Structures are given as C-alpha cells and as structure tokens.
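Only one structure is covered here, and it is reproduced in the block below.
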C-alpha cells in the first residue's frame with residue numbers, strides 16, 4: 001500500500017490555468033477505488049483549505065479567461081477581401097460561444113458539477129480523514145514561533161498539515177508528498193524537499209518521504225504504465241472479470257465493461273480468455289443481458305482475436321452461426 005498526501009494547491013490547480021489534465025485525477029481515483037493500491041491521507045486542514053479557496057480559484061481563472069479578447073480592429077485596406085468578412089464573422093462567433101461557455105462554467109461551479117468536483121469529492125470520500133485537534137494546533141503554533149518549516153508565522157496551515165501527517169501516517173511507512181508550495185522545497189534545488197523536513201520525517205517515522213511538484217510527475221515515477229485512465233479502467237475490469245468468484249460480481253463487471261465502446265487487441269483477447277476460463281461468466285451465458293453484452297464486445301472484433309481463443313469461445317458460447 002502506497003501512502004499519499006496531496007497538498008491543497010495541487011487539488012486547486014484543476015480549477016485554474018494549468019498544464020495538468022483532469023486525466024491525472026481520474027488515474028488516482030481508479031488506483032484508490034479499483035485497485036486499493038493507494039492510501040490517501042486528508043488532514044482536516046487540507047479539506048478546509050480546499051473548500052475555502054475553491055471559489056476564489058475559479059473566479060480568478062474565469063476573470064483571466066474573460067480578459068482575453070480577439071482583436072477585431074482591421075486596417076481599411078483589408079476590408080475589400082473576402083477573408084475580412086470570414087474573420088469578422090469568426091470573431092463574432094467566438095465571442096458568442098465564449099459568453100455561453102462562461103455562463104455554463106459558472107452554473108456548474110455553483111452546483112459543484114464540474115468534472116474536478118465529482119472526482120475530488122470521490123477522492124475525499126475514500127481518503128483517511130485526520131482531525132485537527134487542539135493539541136495539534138498548539139503544536140503548530142509553537143513550531144511556527146520557533147521558525148521551523150514548513151510555513152510562516154502568519155499562517156499555521158502548512159505546519160498543521162505537516163504535524164498531522166507525522167502523527168497519523170503509520171511509522172515505518174514511506175510517504176509520497178505532492179505539493180507546489182515552495183515552503184516545503186529546498187532553496188538550493190527547488191525539485192527537492194527541504195533537508196530539515198526530510199531528516200525530521202526519517203527521525204520521527206523511520207521511513208522515507210518522496211516529493212513531487214505535480215501529480216503527473218508522481219504518475220510518471222510510480223505508475224508509468226498508466227497513460228490514459230479509461231484504458232487503465234478497462235484493463236482493471238477485464239482482470240477483475242477473470243477473477244470474479246460469484247455470478248453477481250461477474251454480471252456487475254460485464255455491465256461496467258459494456259459502458260465502453262472501443263477495446264484494444266490485447267484487451268479483447270484478455271476479455272475472451274476471461275469469459276472462457278471463469279465459470280462464473282460462462283455459466284450465466286444464457287442470460288439475455290450477458291449474452292448481449294458479450295456479443296456486442298466480441299462480434300465486431302473477431303479479426304482481432306486469436307483463432308485458438310476464438311475456437312474455444314465458440315465451443316463454450318456456441319456462436320458458430322455468427323462466426324461463420
């Protein structure tokens with residue numbers, strides 16, 4: 001199990017101007033919900049900071065976006081050419097769609113229905129939550145008074161989060177720490193954690209702490225095989241189908257797989273293999289919903305499936321009339 005902490009500023013980047021894609025959050029959701037490979041820690045301080053700053057971050061992003069204007073001033077000598085009208089009409093269309101987009105984003109923001117909202121809510125629901133006790137807050141105050149990193153005297157937030165993690169992450173367990181807050185990083189090499197914090201963690205926890213500035217950096221380092229969340233989800237579901245030990249769970253997994261349209265050659269062959277080797281799948285082959293789901297995945301892709309697997313599939317599922 002990999003222990004992970006994500007700082008507030010990283011969650012908030014998904015509401016602002018960033019090179020990070022929502023795909024990174026989807027990957028994390030899958031690793032926690034599907035595989036149980038990551039144990040996410042959520043201090044109450046981080047939870048509160050996120051909800052306190054979400055609207056501010058969105059408002060700033062929309063304000064910057066709204067400020068960007070296309071230049072609709074043209075030299076007089078351009079107006080005799082047909083491209084002038086095309087460009088003028090395109091600018092009008094751009095402005096119209098921009099206004100619509102801003103209204104939709106605002107509406108979804110108020111309702112908390114943005115893509116980031118759904119995933120972050122799911123992550124928070126699955127995270128281990130840590131309360132900020134009176135003793136912990138007092139400890140953070142003393143830490144700031146003594147000038148110990150992270151954070152500043154005027155703000156206790158970073159210190160509260162740090163002390164929470166020291167107290168709550170199990171001893172002997174490494175922690176992977178994602179933050180873009182410079183207060184955690186070395187002034188000599190901004191890609192590295194402050195020596196003071198690394199040494200404190202090692203002394204207090206008997207383990208290592210690994211830092212990343214972006215969520216994408218974390219995935220490149222720890223899960224480089226996961227490129228696209230939806231592809232990874234299909235892989236995981238097919239693996240689960242092969243292991244399902246009950247009819248109900250096999251049916252549930254098949255229905256989840258039916259939500260996808262495209263499968264790679266490898267995924268198709270693994271799917272057929274799971275269907276032909278797990279009796280919890282092929283013993284319910286006569287159920288109309290199961291028959292339909294399997295047929296809709298396999299039949300359009302016969303040329304991609306290994307002939308030996310296909311022959312076994314035909315023997316068990318008796319689709320010879322379709323295969324010929």
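The values are calculated or read from the model by the stated rules, or taken from the named source; none is laboratory data. Values in this document were obtained by computation on a predicted structure and should not be read as measured data. Please note: Cβ atoms are built from the backbone with ideal geometry, for glycine as well, and neighbour counts cover all protein chains shown.
Here are a few things to note about the model shown:
- Criterion violated by residue 34 - all others in (1) buried (at least 16 other Cβ atoms within 10 Å of the Cβ); (2) in a helix (DSSP H, G or I) satisfied: (1)
- Matching residues, the stretch 249-270, being in a helix (DSSP H, G or I), in contact with a helix residue (DSSP H, G or I) (Cβ under 9 Å, 6 or more places away or on another chain) and within 15 Å of residue 291 (Cα to Cα): 250, 251, 253, 254, 255, 256, 257
- Screening residue 60 on (1) within 17 Å of residue 180 (Cβ to Cβ); (2) under 21 Å from the mean Cα position of the chain (by Cα) shows it passes everything except condition (2).
- Some residue of the stretch 57-75 being crowded, with 17+ Cβ neighbours inside 10 Å, touching a strand residue (DSSP E or B) at 6+ places or on another chain (Cβ under 9 Å) and touching a residue at least 24 places away in the same chain (Cβ under 8 Å): no
- Members of the stretch 206-224 that are under 17 Å from residue 173 (Cβ atoms) and out of contact with any helix residue (DSSP H, G or I) (no Cβ under 9 Å at 6 or more places or on another chain): 206, 222
- The condition (being touching a strand residue (DSSP E or B) at 6+ places or on another chain (Cβ under 9 Å), part of a helix (DSSP H, G or I) and at negative phi) is satisfied by just one residue among 47, 84: 47.
- Residues in the stretch 119-132 that are touching a helix residue (DSSP H, G or I) at 6+ places or on another chain (Cβ under 9 Å) and either outside any helix (DSSP H, G or I) or exposed (fewer than 13 other Cβ atoms within 10 Å of the Cβ) (or both): 127, 128, 129, 130, 131, 132.
- The residues of the stretch 217-235 that are assigned to a helix (DSSP H, G or I) and crowded, with 16+ Cβ neighbours inside 10 Å, listed by number, are 218, 219, 222, 229, 232, 233, 234, 235.
- Test: residue in the stretch 291-309 that is assigned to a loop (DSSP other than H, G, I, E, B), touching a residue at least 24 places away in the same chain (Cβ under 8 Å) and farther than 21 Å from residue 30 by Cβ: yes
- Checking 12, 42 one by one, the residue that is more than 14 Å from the chain's Cα centre (by Cα), under 24 Å from residue 184 (Cα atoms) and at pLDDT 95 or above is 42 and no other.
- Out of 234, 227, 220, 214, sole residue that is under 13 Å from the mean Cα position of the chain (by Cα) and without any contact (Cβ under 8 Å) to a residue 40 or more places away in the chain: 227
- Exactly one residue out of 40, 62 is within 25 Å of residue 240 (Cα to Cα) and not in a loop (DSSP other than H, G, I, E, B): that is 40.
- Qualifying residue in the stretch 100-110 (condition: part of a helix (DSSP H, G or I), over 28 Å from residue 16 (Cβ atoms) and out of contact with any strand residue (DSSP E or B) (no Cβ under 9 Å at 6 or more places or on another chain)): no
- Residues that are part of a helix (DSSP H, G or I) and touching a helix residue (DSSP H, G or I) at 6+ places or on another chain (Cβ under 8 Å) within the stretch 142-160 comprise 143, 144, 157, 158, 159, 160, listed in sequence order.
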